[in-house]
Amino acid sequence: MRKFKISFSLVIMASFLAVVSSAQSSVAQTGNGDPVDLQADQLVHDESGQIITASGDVVLMQAGRKVSADKITYNLREDKVVAIGNVEFTDANGDKHYAEQADFNNALKDGFVEGLQTFLTDGSSFRAASGLHSNGNKTTMTDAFYTACETCKDNPDKSPLWQIRASEVEHDKENQSISYRNARFEIKGVPVAYTPYFSHPDGSVKRKNGFLTPHAGYKSELGAFIRSSYYHDIAPDKDMTIGFMAMSDEAPLVLAQWRQRWDDASLIIDGSTTYSKLTDDINGQEIEKKEEFRGNISVDGKWDINDKWRSGLKIDASSDDQYLRQYDFEDEDVLRNEVYLERFSGRNYADARLIAFQDLRIDENEEDQPFILPEINAGFIGDPNSMPITGGRWSFDTSFLTLLRDDDEQDMNRINAALGWQKRLVSGYGLVSVLDANLQSALYNVNDRTGSNISNNIKGNSNETRSFGYISALTSYPLAKEFQASQVVIEPIVSIVAAPNISEDDNIPNEDSLDVQLGINNIFEQNRFPGSDGVEDSSHATYGVKTGVYGNDGSYGEIFIGQSYRFSDDDNPFALGSGLDDQDSDVVGKISAGYDSNYKFDYRFQLDNHNLSSQRHEVDIKVNLGDFDFSTQYLFAKALDNADIDETREQVSNAASYYLNDNWRIYGSARHDLGVDPGLRKAGFGVDYIGQCVSLSMIGERNLTDKSSGDSGTEIMFRIGFKNLGEFETTSLTIGGDDEE
């Protein structure tokens with residue numbers, strides 16, 4: 001059968017028959033200015049009524065909209081289209097509408113259909129007895145159903161997993177919303193909830209005014225509660241959220257958030273406040289304090305000044321140690337507040353910061369946390385091989401630091417400067433060497449020095465200087481052997497650092513080099529002290545070997561073992577337990593393996609240099625067996641002198657998950673303390689269902705700790721999520737501080 005295709009205008013009626021008879025296409029306009037394309041197996045033109053009748057696989061397109069049907073009549077004078085039989089209307093945004101008959105006008109922007117079925121581009125759909133489409137962006141339906149679940153194509157009347165049925169449904173594409181009147185929420189066709197009016201985004205919107213999903217439940221210290229928030233989209237560059245949390249046993253809590261973006265900057269402000277009681281830890285005793293105003297504030301601001309300069313602001317403050325954990329805002333132990341300025345230029349970097357800390361750990365002395373006012377760092381690195389005569393590259397680093405504490409507590413000003421040189425050499429035999437040289441100086445100004453009141457060797461106020469330098473050479477000889485499906489590599493490594501012995505000065509404080517722990521990551525460092533206050537004087541050598549087998553399929557096995565040796569046994573600067581306190585250091589190493597991306601094993605260890613007894617070891621195992629995942633982490637670490645790690649730690653953590661099928665997953669985790677006070681510290685269990693249009697989760701978690709931390713208790717949470725409708729969440733703290741062990 002011959003296919004006719006025409007494009008026409010009201011003002012070219014005389015040429016229409018010629019177009020039909022020759023089956024050629026021409027470009028023209030209708031009276032409203034939008035071109036019309038009509039394709040059909042057969043066309044009939046009524047000149048007197050100016051009506052075109054198309055039948056047999058008819059397709060009409062106008063203004064980005066498309067109508068296909070068994071038969072279409074087009075009234076040219078009224079710009080009216082009537083489609084009959086297997087009608088499919090595709091909107092400009094891709095939404096598809098189906099009906100047995102539909103009437104359109106106004107360039108297909110307005111229309112009326114009976115027996116409507118609509119499929120939106122996000123996968124959701126409507127069914128309705130009738131629908132009225134107006135102005136190209138609003139559809140009003142009567143006796144309608146909406147669901148985001150897949151519908152049965154063979155039986156569209158079959159009830160999906162969930163749907164909303166209403167006497168009237170309005171889909172407003174301009175406002176990107178769907179609203180209902182006399183709405184019933186149904187699960188498998190059974191009504192479970194009713195509301196006279198309901199509205200939600202249509203799935204194409206990311207930001208829209210309205211109430212967010214509420215949270216409800218029960219907590220032992222708060223009672224029954226409900227938490228709800230209202231989101232306000234102020235403008236494309238800013239929005240805000242205001243909410244509340246009402247509790248049966250405590251006063252309400254108010255929450256607020258402000259977010260704003262500029263071309264080169266952003267700002268987020270969060271805060272909350274309430275009037276409630278708390279449990280404090282005073283001299284090891286848990287004391288319940290009377291009600292008081294409590295709250296928190298968080299500010300995060302960033303400004304990209306230009307391609308070299310960036311600045312920012314970060315503020316986190318809480319009224320007390322347990323507030324954030326008690327109300328489930330966050331579980332950070334230390335809050336960091338800072339204002340910073342950074343500069344990037346090629347290989348060079350500089351920054352300046354003002355920093356203050358708030359320690360939320362219980363039983364901590366807040367006086368130990370200083371104000372950093374300011375910290376300034378600058379680092380400059382030369383281009384490779386830019387040095388004359390010697391080759392290699394140069395580096396220069398400098399810093400200024402001020403630490404301020406409360407009255408009669410130690411304050412410090414420090415200026416550091418370091419000049420370095422580095423060169424990499426590769427011999428014809430494959431020997432790889434890295435040569436380093438470094439010269440550094442520091443100037444200290446100290447007031448109210450800690451310990452000055454109990455030792456005559458320590459001055460209360462003093463100005464101190466220190467100069468230090470070293471040269472080092474690190475050499476490795478990697479040997480590789482290729483096999484058919486793998487490669488074997490053996491690489492012995494030796495490092496020698498030559499440095500002078502400097503006398504220990506009790507008047508130079510140690511603020512940032514306290515926690516020294518030997519490991520595979522720092523054993524080959526020239527200075528194993530972290531920070532700048534600690535200096536590893538005297539010469540030392542480090543030696544080790546790394547070997548591995550690497551398969552072409554990505555599987556691997558690696559072993560590394562290493563040790564360090566000080567040439568002088570006098571005046572060792574390292575504390576007991578660090579692994580470096582003897583002339584021969586402890587032995588550190590790593591054994592790791594991976595197979596098929598599904599099996600991973602990682603073991604890191606530190607062994608005593610005298611009897612090879614364990615000082616520290618960590619095991620990390622991950623297994624993926626298709627639907628089953630398992631992981632375990634084990635840690636054993638002895639206490640360190642003169643550090644925050646003042647007791648031996650031993651713990652094990654396990655986690656596992658299993659996919660019962662494509663939709664259901666169960667998982668659990670547990671952490672046990674195996675040290676001085678053994679016992680379960682945290683455990684959790686959960687069940688997830690993730691479907692095409694609905695998600696379900698049930699999570700239970702038990703946390704055993706001091707009541708004054710705000711973390712102790714057992715929490716059970718149940719979450720239901722409906723696509724495009726949001727989530728409903730309940731939380732229950734079934735056991736409170738009495739869970740302590």
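The values are calculated or read from the model by the stated rules, or taken from the named source; none is laboratory data. In this text the structure is predicted, and so the values were computed from the model without any measurement. Positions of Cβ are backbone-derived with ideal geometry, glycine not excepted, and every protein chain shown enters the neighbour counts.
Determine, yes or no, whether residue 356 is of a type in the set (Gly, Ala, Ser), modelled with pLDDT of 85 or more, touching a strand residue (DSSP E or B) at 6+ places or on another chain (Cβ under 7 Å) and surrounded by fewer than 17 Cβ atoms within 10 Å (Cβ to Cβ). Lay out the reasoning, then the answer.
Values: of a type in the set (Gly, Ala, Ser): yes; modelled with pLDDT of 85 or more: yes; touching a strand residue (DSSP E or B) at 6+ places or on another chain (Cβ under 7 Å): yes; surrounded by fewer than 17 Cβ atoms within 10 Å (Cβ to Cβ): no.
The answer is no for residue 356.
For residues in region 554-578 being touching an Asp or Glu at 6+ places or on another chain (Cβ under 7 Å) and either small (Gly, Ala, Ser) or not in a strand (DSSP E or B) (or both), which is farthest from residue 480 (Cα to Cα)?
The residue in question is 571.
Run down 604, 671 and say which single residue is among the basic types (Lys, Arg) and either free of Cβ contacts under 8 Å to residues at least 24 places away in the same chain or exposed (fewer than 15 other Cβ atoms within 10 Å of the Cβ) (or both). If you could, list the steps in order and put the result at the bottom.
On the way: 604 fails: either free of Cβ contacts under 8 Å to residues at least 24 places away in the same chain or exposed (fewer than 15 other Cβ atoms within 10 Å of the Cβ) (or both).
The match here is 671.
Determine whether region 509-532 contains at least one residue that is of a type in the set (S, T, N, Q), exposed (fewer than 15 other Cβ atoms within 10 Å of the Cβ) and farther than 30 Å from residue 637 by Cβ.
Checking region 509-532: not a single residue is of a type in the set (S, T, N, Q), exposed (fewer than 15 other Cβ atoms within 10 Å of the Cβ) and farther than 30 Å from residue 637 by Cβ.
Quick test for you: out of 118, 147, 90, pick the one residue that is surrounded by fewer than 20 Cβ atoms within 10 Å (Cβ to Cβ) and touching a residue at least 12 places away in the same chain (Cβ under 8 Å). Talk me through it step by step, then tell me what you get.
Working: 118 fails: surrounded by fewer than 20 Cβ atoms within 10 Å (Cβ to Cβ); 147 fails: surrounded by fewer than 20 Cβ atoms within 10 Å (Cβ to Cβ).
From the options 118, 147, 90, the qualifying one is 90.
Go through region 452-463 and give me each residue that's surrounded by 13 or more Cβ atoms within 10 Å (Cβ to Cβ) and closer than 14 Å to residue 408 by Cβ. Before the answer, list the steps.
The initial filter retains those residues of region 452-463 that are surrounded by 13 or more Cβ atoms within 10 Å (Cβ to Cβ), namely 452, 458-460, 462.
452, 460 - these are the residues of region 452-463 that are surrounded by 13 or more Cβ atoms within 10 Å (Cβ to Cβ) and closer than 14 Å to residue 408 by Cβ.
Would you tally the residues in region 298-311 being buried (at least 16 other Cβ atoms within 10 Å of the Cβ) and either β-branched (Val, Ile, Thr) or closer than 22 Å to residue 333 by Cβ (or both)?
Of the residues in region 298-311, 2 are buried (at least 16 other Cβ atoms within 10 Å of the Cβ) and either β-branched (Val, Ile, Thr) or closer than 22 Å to residue 333 by Cβ (or both).
Find the residue count for region 476-497, including only residues that are without any contact (Cβ under 8 Å) to a residue 12 or more places away in the chain and outside any strand (DSSP E or B).
From region 476-497, those without any contact (Cβ under 8 Å) to a residue 12 or more places away in the chain are 480-484; that's our starting set.
Filter once more, keeping what is outside any strand (DSSP E or B): 483-484.
The qualifying residues number 2.
Condition check: in contact (Cβ under 8 Å) with a residue 12 or more places away in the chain and under 17 Å from residue 296 (Cβ atoms). Does residue 348 satisfy that?
On the way: in contact (Cβ under 8 Å) with a residue 12 or more places away in the chain: yes; under 17 Å from residue 296 (Cβ atoms): no.
The answer is no for residue 348.
So if I check each of 626, 562, 589, which one is assigned by TED's automatic domain parsing to the domain that holds residue 491, touching a Gly at 6+ places or on another chain (Cβ under 8 Å) and more than 28 Å from residue 501 (Cα to Cα)? Write out each step before concluding.
On the way: 626 fails: touching a Gly at 6+ places or on another chain (Cβ under 8 Å); 562 fails: more than 28 Å from residue 501 (Cα to Cα).
Answer to the selection: 589.
Out of (1) of a type outside the set (Lys, Arg); (2) surrounded by 14 or more Cβ atoms within 10 Å (Cβ to Cβ); (3) touching a Gly at 6+ places or on another chain (Cβ under 9 Å), what's the single condition that is false for residue 260?
The failed condition is (3).
Go through the residues of region 529-539 one by one and say whether even a single one is more than 39 Å from the chain's Cα centre (by Cα) and on the phi > 0 side of the Ramachandran plot.
Just the residues of region 529-539 that are more than 39 Å from the chain's Cα centre (by Cα), to begin with: 537-539.
Cutting the leftovers down to on the phi > 0 side of the Ramachandran plot gives us 538.
Checked against the condition, which is being more than 39 Å from the chain's Cα centre (by Cα) and on the phi > 0 side of the Ramachandran plot, region 529-539 yields at least one hit.
Please go through region 212-270 and pick out each residue that is among the basic types (Lys, Arg), modelled with pLDDT of 80 or more and closer than 30 Å to residue 289 by Cα. Please lay out each step first, then the result.
Narrowing region 212-270 to residues among the basic types (Lys, Arg): 219, 227, 238, 259, 261.
From the residues that got through so far, the ones that are modelled with pLDDT of 80 or more too are 227, 238, 259, 261.
Matches in region 212-270: 227 only.
Only residues in region 674-701 that are farther than 30 Å from residue 637 by Cα count as the first member; pair them with residues that are of a type in the set (Asp, Glu) and in a strand (DSSP E or B), Cβ under 6 angstrom, at least 6 apart or cross-chain, and list the lot.
What qualifies is 697/688.
Checking the structure you have, find out if any residue of region 583-597 is in a loop (DSSP other than H, G, I, E, B), of a type in the set (Gly, Ala, Ser) and under 30 Å from residue 533 (Cα atoms).
Filtering region 583-597 down to residues in a loop (DSSP other than H, G, I, E, B) leaves 583, 585-586, 596-597.
Then keep just the ones that are of a type in the set (Gly, Ala, Ser); that gives 585, 597.
Next, only the ones that are under 30 Å from residue 533 (Cα atoms) stay: 585.
Yes; the residues of region 583-597 include at least one that is in a loop (DSSP other than H, G, I, E, B), of a type in the set (Gly, Ala, Ser) and under 30 Å from residue 533 (Cα atoms).
Restricting the search to region 533-576, which residues are aliphatic (A, V, I, L, M) and in contact (Cβ under 8 Å) with a residue 60 or more places away in the chain? Write out each step before concluding.
Of all residues in region 533-576, those aliphatic (A, V, I, L, M) come to 535, 541, 545, 549, 559, 561, 575-576.
Listed by number, the residues that qualify are 535, 549, 575, 576.
Search region 150-164 for residues being part of a loop (DSSP other than H, G, I, E, B) and in contact with a Ser or Thr (Cβ under 6 Å, 6 or more places away or on another chain), and hand back the single one that is surrounded by the fewest Cβ atoms within 10 Å (Cβ to Cβ).
The first filter runs over region 150-164 and keeps only residues part of a loop (DSSP other than H, G, I, E, B), leaving 150-161.
This time we only want the ones that are in contact with a Ser or Thr (Cβ under 6 Å, 6 or more places away or on another chain), so: 151, 160.
Working: 151: 19, 160: 21.
Result: 151.
Looking only at residues in region 170-210 that are aliphatic (A, V, I, L, M) and farther than 28 Å from residue 239 by Cα, which one is surrounded by the most Cβ atoms within 10 Å (Cβ to Cβ)?
By that ranking, first place goes to 183.
Report the residue count in region 316-331 for those that are assigned to a strand (DSSP E or B) and surrounded by 17 or more Cβ atoms within 10 Å (Cβ to Cβ). Outline the logic, then answer.
Taking region 316-331 as the starting set, the residues that turn out to be assigned to a strand (DSSP E or B) are 316-318.
Checking which are surrounded by 17 or more Cβ atoms within 10 Å (Cβ to Cβ) leaves us with 316, 318.
Residues in region 316-331 being assigned to a strand (DSSP E or B) and surrounded by 17 or more Cβ atoms within 10 Å (Cβ to Cβ): 2 in total.
Is it the case that some residue within region 541-551 is outside any strand (DSSP E or B) and more than 21 Å from residue 417 (Cβ to Cβ)?
Pass one, region 541-551, residues outside any strand (DSSP E or B): none.
Checked against the condition, which is being outside any strand (DSSP E or B) and more than 21 Å from residue 417 (Cβ to Cβ), region 541-551 yields no hits at all.
Would it be correct to say that residue 615 is part of a strand (DSSP E or B) and over 25 Å from the mean Cα position of the chain (by Cα)? Break it down stepwise before answering.
Working: part of a strand (DSSP E or B): yes; over 25 Å from the mean Cα position of the chain (by Cα): yes.
For residue 615, the condition - part of a strand (DSSP E or B) and over 25 Å from the mean Cα position of the chain (by Cα) - is met.
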